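See structure below.
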Amino acid sequence: MTKKRPTLNPPHLLVVSDCHGNIRQYDQIFSYAENQSCVGIVHCGDIGPRFNATTKDQRKFLKEFFLAKTETLKQKRGSDFPIYAMMGNSDHRANELYFWKEQTTNLGQDRYRCIDGKIMPFGKFFISGYSYIPPTPFVHKEGERRDENGDDADRGEYILKGESTTPEGGMVSVDLQNLPTIKQELTELFLNHQDLDKTIFICHAPPFGTKLDCHKSETHVGSADILDMLKENDFLCSFHGHVHETVKMSGHFQDRVGNNKIYTVGNNPVADNPFVLLFELPSRAARKGNVLRGQLINSQFVNV
Ligand SMILES: [Zn+2]
């Protein structure tokens, strides 16, 4: 007798992150979305192969894999099935224009929707994305911005000057001092938006000093400005990525800041099975939703 596959009942959003070009993980994510009762996918950044891949390799991955997969999923689930995505700090910004352009097919249909720096309607809710992380000790600066409150956040060594990839395949110098801070960009993003309590806030970086930003060096590497944003505002909830090992380090994929329930995907990009979050949308707008569970796809449920 064959065992019946357990259904994951209520409609839910599938939240994924930090797949870093891992095709085994993507295959499972797309096949899950084809077959299960999820009502959309959100990718919280770091889509393509890791940063040491070339810009050309990352472009090839987007073109030959990501675009094709999202298009196939749309054909199976319907053209209005939402796939929200944004780049992370490991995705070369030299491909940013390409990534934005290719979200729509030549026939004008959505493959996916870029959420970085945008607030997009999602049924009776909104989804908003912010992809930059606070400064690291590494030379690649294109996915980084300064925290206005950075000096208060004790997150070890970091540098402000470095390099950024260009569409021509070269590098240019970048000084984060000459760019806006995370706080400035977030303030501008939400300036005229009244419905934060109906908004799912997707942020590649986690907030500083929480269970979501625990680095293997036992320091916190999240953003102080994102922490402030969450302290001062009341979102529907927030999802984060970036610190792959944080769930392993802290033992939790969720935490709270102010009135906000905050979650990290904490995916290990080299594992065979992706760690994902299943988010059950609240039945009424402005009520808090709940993550049903964090789960390794095709593996046993893990309790964290
Ligand atoms: Zn990552």
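Reported count of residues in the stretch 70-99, each being among the hydrophobic types (A, V, I, L, M, F, W, C), farther than 15 Å from T165 by Cβ and surrounded by fewer than 20 Cβ atoms within 10 Å (Cβ to Cβ), is 1.
If you filter the stretch 50-64 down to residues that are under 21 Å from the mean Cα position of the chain (by Cα) and among the polar types (S, T, N, Q), you find that the one that is farthest from P269 (Cα to Cα) is T55.
Every condition in (1) at pLDDT 95 or above; (2) small (G, A, S); (3) under 25 Å from D57 (Cβ atoms) holds for G169 except the one numbered (1). Just to be sure I understand the filter: pairs with C-beta atoms under 8 Å, separated by 6 or more residues or on different chains, first member in the stretch 14-41 and in contact (Cβ under 8 Å) with a residue 24 or more places away in the chain and under 22 Å from T246 (Cβ atoms), second member assigned to a helix (DSSP H, G or I) and among the β-branched types (V, I, T). Which pairs pass? What qualifies is L14/I29; V16/I29; C19/I29; I41/I29.
Please determine whether any residue of the stretch 108-120 is at pLDDT below 95, over 26 Å from L191 (Cβ atoms) and surrounded by fewer than 15 Cβ atoms within 10 Å (Cβ to Cβ). Checked against the condition, which is being at pLDDT below 95, over 26 Å from L191 (Cβ atoms) and surrounded by fewer than 15 Cβ atoms within 10 Å (Cβ to Cβ), the stretch 108-120 yields at least one hit.
Just to be sure, is G169 under 24 Å from D18 (Cβ atoms), in a loop (DSSP other than H, G, I, E, B) and more than 16 Å from the ligand (Cβ to nearest atom)?
no
Of everything listed in (1) within 16 Å of the ligand (Cβ to nearest atom); (2) closer than 20 Å to D27 by Cα; (3) not acidic (D, E), the single unmet condition for P82 is (1).
When every residue of the stretch 205-221 is checked against the conditions, none turns out to be surrounded by fewer than 14 Cβ atoms within 10 Å (Cβ to Cβ), farther than 19 Å from V16 by Cα, aliphatic (A, V, I, L, M) and in contact with a strand residue (DSSP E or B) (Cβ under 9 Å, 6 or more places away or on another chain).
Looking at the stretch 189-204 only, could you name the residues that are among the polar types (S, T, N, Q) and crowded, with 19+ Cβ neighbours inside 10 Å? Spell out how you get there, then give the answer.
The initial filter retains those residues of the stretch 189-204 that are among the polar types (S, T, N, Q), namely 192, 194, 199.
If the condition is that a residue be among the polar types (S, T, N, Q) and crowded, with 19+ Cβ neighbours inside 10 Å, then T199 is the only one that fits.
Kindly provide the set of residues from the stretch 20-39 that are within 15 Å of the ligand (Cβ to nearest atom) and in contact with a Gly (Cβ under 9 Å, 6 or more places away or on another chain), ordered by number. Selection gives H20, G21. Would the stretch 144-153 turn up any residue that is more than 17 Å from Q184 (Cβ to Cβ) and among the hydrophobic types (A, V, I, L, M, F, W, C)? No, every residue in the stretch 144-153 fails to be more than 17 Å from Q184 (Cβ to Cβ) and among the hydrophobic types (A, V, I, L, M, F, W, C). Output yes when any residue across the stretch 184-193 is in contact (Cβ under 8 Å) with a residue 60 or more places away in the chain, of a type in the set (V, I, T) and over 28 Å from A53 (Cα atoms), and no when none is. No, that holds for no residue. Determine whether L67 is over 17 Å from the mean Cα position of the chain (by Cα), modelled with pLDDT under 90 and surrounded by fewer than 20 Cβ atoms within 10 Å (Cβ to Cβ). The answer is no for L67. Against the definition (at pLDDT below 95, out of contact with any strand residue (DSSP E or B) (no Cβ under 8 Å at 6 or more places or on another chain) and not polar (S, T, N, Q)), how does K248 come out, yes or no? In short, yes.
Apart from one condition, S17 fits all of (1) touching a helix residue (DSSP H, G or I) at 6+ places or on another chain (Cβ under 9 Å); (2) within 16 Å of the ligand (Cβ to nearest atom); (3) among the hydroxyl-bearing types (S, T, Y); the exception is (1).
Which of the residues that make up the stretch 40-60 are crowded, with 18+ Cβ neighbours inside 10 Å and more than 16 Å from the ligand (Cβ to nearest atom)? If the condition is that a residue be crowded, with 18+ Cβ neighbours inside 10 Å and more than 16 Å from the ligand (Cβ to nearest atom), then G40, I41, T55, R59 are the ones that fit.
Kindly check whether there is at least one residue in the stretch 242-259 that is β-branched (V, I, T), more than 12 Å from the ligand (Cβ to nearest atom) and within 15 Å of the chain's Cα centre (by Cα). Step through it out loud before you land on a result.
Kept after step one, since they are β-branched (V, I, T), are these residues of the stretch 242-259: 243, 246-247, 257.
Retained after the next criterion (residues that are more than 12 Å from the ligand (Cβ to nearest atom)): 247, 257.
Subset that is within 15 Å of the chain's Cα centre (by Cα): none.
The answer is no, given that none of the residues of the stretch 242-259 is β-branched (V, I, T), more than 12 Å from the ligand (Cβ to nearest atom) and within 15 Å of the chain's Cα centre (by Cα).
Summed over the stretch 48-64, residues that are of a type outside the set (A, V, I, L, M) and touching a Phe, Trp or Tyr at 6+ places or on another chain (Cβ under 7 Å) total 3.
The values are calculated or read from the model by the stated rules, or taken from the named source; none is laboratory data. What you see is a predicted model, and the numbers here were worked out from it, not measured in a lab. All Cβ positions, glycine included, derive from the backbone under ideal geometry; neighbour counts span all protein chains shown.
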